[in-house]
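Input: a single structure, listed below in structure tokens.
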Amino acid sequence: MGIEKPEIVFEGYRASDPERRLLNTDKLRSRTHWKPQVSLSQGLDLCIASIK
């Protein structure tokens with residue numbers, strides 16, 4: 001983009017920003033019959049192992 005030293009300036013949250021986000025897969029599961037292939041614990045173990 002031709003910018004030597006880009007700077008990101010945080011100007012605060014917007015009034016419409018949610019305070020927190022919670023993942024909910026209920027709609028995905030009910031419409032597609034999707035289910036995870038690994039548990040949360042297994043997934044975390046895999047992530048940690050890939051970093052080591």
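The values are calculated or read from the model by the stated rules, or taken from the named source; none is laboratory data. Remember, it's a predicted structure, so these values are computed and weren't measured experimentally. Cβ sites come from the backbone with ideal geometry, for glycine too, and all protein chains shown count toward neighbours. These area figures cover heavy atoms from the full protein model, side chains too; ligands, DNA and RNA do not enter into them. Shrake-Rupley method; radii C 1.70, N 1.55, O 1.52, S 1.80 Å.
Using a 1.4 Å probe over the heavy atoms of the protein chains, calculate the carbon and sulfur portion of the accessible area of the chain as a whole percent.
The computed percentage sits at 55.
Could you pull out which residues in segment 10-35 have an amide N less than 16 Å from a spot 7 Å beyond the Cα of ILE51, following the Cα-Cβ vector?
none
Would you mind computing, in nm to one decimal, how far apart the modelled labels at SER39 and LYS27 are, each placed 7 Å from Cα along Cα→Cβ?
The modelled label-to-label distance comes out at 2.9 nm.
Averaged per residue, what accessible surface does the chain expose to a 1.4 Å probe, in Å²?
It amounts to 117 Å² per residue over the chain.
State log₁₀ I(q)/I(0) for the chain at q = 0.14, 0.22, 0.24, 0.29 Å⁻¹ as given by the Debye formula over alpha-carbon point scatterers of equal weight, solvent excluded.
Debye intensities relative to I(0), on a log10 scale: -0.82, -0.89, -0.95, -1.13.
Work out the length of the dipole vector of the chain about its Cα centre, built from +1 on the beta-carbon of each Lys and Arg and -1 on the beta-carbon of each Asp and Glu, and round it to the nearest 20 debye.
420 debye
For the chain, what does -39500 (n - 2.57) per DSSP helix run (n ≥ 4), summed and divided by total residues, give at 222 nm, in deg cm²/dmol to the nearest 500?
Helices in the chain give a 222 nm mean residue ellipticity of -10500 deg cm²/dmol.
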